[in-house]
Amino acid sequence: MSEHEDIVPAAVPAVESDRAQQEMPFAYIAGKAITQLPHDLYIPPDALEVFLEAFEGPLDLLLYLIKRQNIDILDIDVSMITEQYMAYVDLMESHQFELAAEYLVMAAMLAEIKSRMLLPRSSNDEEDEEDPRAQLIRRLQEYERYKKAAEDIDALPRLERDTFLAAAQIPQLERNTPDPVVELQEILAALAGALRRADMFEHHQVQRETLSTREKMAEILVRLSSERFVPLVSLLMREEGRLGVVVTFLAVMELIKDSLVDIVQSEPFAPIHIKARS
């Protein structure tokens, strides 16, 4: 296959793509696609003009002209600055923009400074007379400081522009922990365990100690008056032995029957606590 035969097939899709691109409409007028520019279309040269510089006063305009030429503010070429300033004023007047009076006052001041610098002066006058540009330079320096301070303040984060206050009300949470239901089998299992542990510490009793259920009930109530929850195991005294376990168990049952205390257990097989009813 020759080189010419290799090139021709590759050029065909390019031609078709250019033709398809030319047929794409660049505008729709009244629902009709426009693919070619009209020959009688005329756009005036001043149909669209954009002013990129916006100045806040004559000092701002002068400062812009000085910085654009990168010259020292203390060594102003009044003649050149005056020509550029007047060109901007003439441009604004030609486009029928209303000029503030301060722009015209500054123009007159520049013209006065320019004329004073053009007038010949003797050596004695040069020593006594102040530089005609001094007052304008002081005003420009002061304006530059205030403008820089305003830009620094504007760069700070501003409330309701860069930062926003957010507030949220804390929801009211009511946590009610229901008391667990204690089954009778669990109470009996706890009693059996307590009896087994009491047998481990059983000893010979020389004198029989008389235990009263009423007294044990009173002791339990006194104990609950100072503590909110009392473990059932802590009510069993080692010295009372097996009889003390039975009396304490009966005292607790009597208090539950009289609705003076409640039995509380956080989870299955957890320690049983006694709580006084409020």
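When a/c reaches 1.5 or more, the comparison of a/b and b/c decides; with that in mind, is the range 238-277 rounded, prolate or oblate per its Cα gyration tensor?
oblate
If you scale each eigenvalue of the Cα gyration tensor by 5 and take the root, what three semi-axes come out for the range 139-278, rounded to whole angstrom and sorted largest first?
72, 17, 14
Between Tyr64 and Lys114, what is 0.36 nm times their sequence separation minus the Cα-Cα distance? Round to one decimal in nm.
Between Tyr64 and Lys114, full extension yields 16.1 nm more.
For Ile170 paired with Met237, estimate the spin-label separation in nm (one decimal), with each label point 7 Å from Cα along the Cα-to-Cβ line.
In this crude spin-label approximation the distance works out to 4.7 nm.
Expected output is a single nm value to one decimal: the length gained when fully extending between Arg214 and Ser79, i.e. 0.36 nm times separation in residues minus the C-alpha distance. What is it?
Using 0.36 nm per residue and subtracting the Cα-Cα distance, I get 36.9 nm.
Modelling each spin label as a point 7 Å along the Cα-to-Cβ direction, I'd like the Ile137/Asp162 distance in nm, to one decimal.
Result: 3.5 nm between the two label points.
Coordinate-derived values only; no laboratory data. A quick note: this is a predicted structure, and the numbers were derived from the prediction, not measured. All Cβ positions, glycine included, derive from the backbone under ideal geometry; neighbour counts span all protein chains shown.
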